[in-house]
Amino acid sequence: MRGGGKVLERGYLIAVEGIDGAGKTVNSMWLVRRLRKSGYRAAYTKEPTEGPIGKVLRRSLARRGSNPEIDALLFAADRLHHIRTFIEPRLRQGFVVVTDRYLYSSIAYQGALTGDRRWVELVNRYCVHPDLAVYLDVDPSTGLERKKRRRSDARAFEDPEVLRRVRAVYLELCAEGKMVMIPADRELREVRAEIARVVGERLGIEIRTG
């Protein structure tokens, strides 16, 4: 986080979403850097958080056979705590907050794993909706291929069939107008140019991409 830069009348919350291997983290961090270079006050955050509930959630996710209903509740609690203690204060200060995973990640992942998207939405009903949610779309096989160099574990969402179900929920959310889909199976510079274009069109924030 930085204290200088343009002070917006109101802050914006931008969520960067996608299945594992879609490029959420590298593009979220890039977006924060470009916002700062363009003169805006910007803050990066991620889910699960490093807060007290987030730490419990990380331990749950690391276990074999973690329970998707419990994980959904932990994600919702971690998210709401983070909104109250980190996100909302910065939005009031005029920051652009970019979060690497957010509300729609729970709806897609835990919605697919529990088979009850509406329940996941219900337990997240007090969460602030993002001003812009970007969905980076890749085929599950592409996402898993990108993760080959990383240390893998036995988490259910690294199963190709589960990822196909997760992607299907994300595509539903895009069709409903809740998210903006950006194809992410192409050159990084093309993906980033598209992110910058969408941010400019939807929020009126011009980003220097050079």
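The values are calculated or read from the model by the stated rules, or taken from the named source; none is laboratory data. If you're wondering where the values come from, they're calculated on a predicted model, not measured in any experiment. Positions of Cβ are generated from backbone atoms using ideal geometry, with glycine treated the same way; all protein chains shown enter the neighbour counts. Calculation scope for accessible area: heavy atoms of the full protein, side chains included, ligands and nucleic acids excluded. Shrake-Rupley method; radii C 1.70, N 1.55, O 1.52, S 1.80 Å.
State all residues of the range 159-187 that are touching a strand residue (DSSP E or B) at 6+ places or on another chain (Cβ under 6 Å) and surrounded by 15 or more Cβ atoms within 10 Å (Cβ to Cβ); if no residue qualifies, say none.
Our first condition is that a residue be touching a strand residue (DSSP E or B) at 6+ places or on another chain (Cβ under 6 Å); within the range 159-187, this holds for 170, 174, 179-184.
Scanning the range 159-187 gives Tyr170, Cys174, Met179, Val180, Met181, Ile182, Ala184.
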Query - Set Val134, Val123, Val97: member being open to solvent by 10 Å² or more (accessible area, probe 1.4 Å) and β-branched (Val, Ile, Thr) - result: Val123
Requested in this report: Answer with yes or no whether Leu91 is surrounded by fewer than 21 Cβ atoms within 10 Å (Cβ to Cβ), in contact with a strand residue (DSSP E or B) (Cβ under 8 Å, 6 or more places away or on another chain), aliphatic (A, V, I, L, M) and modelled with pLDDT of 95 or more.
Outcome: yes
Query raised in the report: Taking into account only those residues within the range 7-41 that are within 19 Å of the chain's Cα centre (by Cα) and on the phi > 0 side of the Ramachandran plot, which is modelled with the lowest pLDDT?
Result: Gly21
Query raised in the report: Considering the range 36-60 alone, what residues qualify as being under 22 Å from Arg79 (Cβ atoms), of a type outside the set (Val, Ile, Thr) and not in a strand (DSSP E or B)?
Result: Glu47, Pro48, Glu50, Gly51, Pro52, Gly54, Lys55, Leu57, Arg58, Arg59, Ser60
Requested in this report: Give me a count of the residues in the range 188-210 that are surrounded by 12 or more Cβ atoms within 10 Å (Cβ to Cβ) and small (Gly, Ala, Ser).
Outcome: 3
Query raised in the report: Mind checking which pairs have a first residue in the range 118-136 that is within 14 Å of Ala72 (Cβ to Cβ) and a second that is open to solvent by less than 10 Å² (accessible area, probe 1.4 Å) and hydroxyl-bearing (Ser, Thr, Tyr), Cβ under 7 Å, 6 or more apart or different chains?
Result: Val120/Ser106; Asn124/Ser106
